[in-house]
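Since the structure comes first, as structure tokens, the remarks are kept for the end.
Throughout, read-outs are computed from the coordinates displayed, never taken from laboratory work. This structure is a prediction, so every number in the text was calculated from the model and none was measured. Please note: Cβ atoms are built from the backbone with ideal geometry, for glycine as well, and neighbour counts cover all protein chains shown.
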Amino acid sequence: MNVDSKLCIGCGACASVCPVNAIEVADTYVRADKNCTNCGICTKSCPVGAVTVERKL
Ligand code: SF4
Ligand code: SF4
């Protein structure tokens, strides 16, 4: 997943829904570590639409 830091409000919702605890939130700087599977769950959780994922189709 990737986060647009200009949109992110640092709410932490994405981190709380990640099934593999891959997300680190520090203010509005949000990143996912190597455990991220690009499942897309965090994308739906974000209230401001700041999260995008690259999906392998
Ligand atoms: S795409 Fe899935 S695995 Fe990756 S950070 Fe979001 S919820 Fe976690
Ligand atoms: S859910 Fe969206 S606004 Fe909240 S911390 Fe994650 S990326 Fe930022």
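Length gain on complete extension for the stretch residue 11 to residue 53, per 0.36 nm per residue less the alpha carbon to alpha carbon distance? Can you show the working numbers first?
On the way: separation 42, 0.36 × 42 = 15.12 nm, distance 1.84 nm.
Stretched out fully, the residue 11 to residue 53 stretch lengthens by 13.3 nm.
Lone cysteines in the chain, defined as no other cysteine's Cβ under 4.7 Å from theirs: which are they?
8, 11, 18, 36, 39, 46
Treat every Asp and Glu Cβ in the range 2-52 as -1 and every Lys and Arg Cβ as +1, leave all other atoms uncharged, and give the resulting dipole magnitude about the Cα centre to the nearest 20 debye.
120 debye
For the range 11-57, what Kirkwood radius comes out of the mean inverse Cα-Cα distance, in Å?
Averaging 1/r across every pair of different Cα atoms and inverting gives 10.7 Å.
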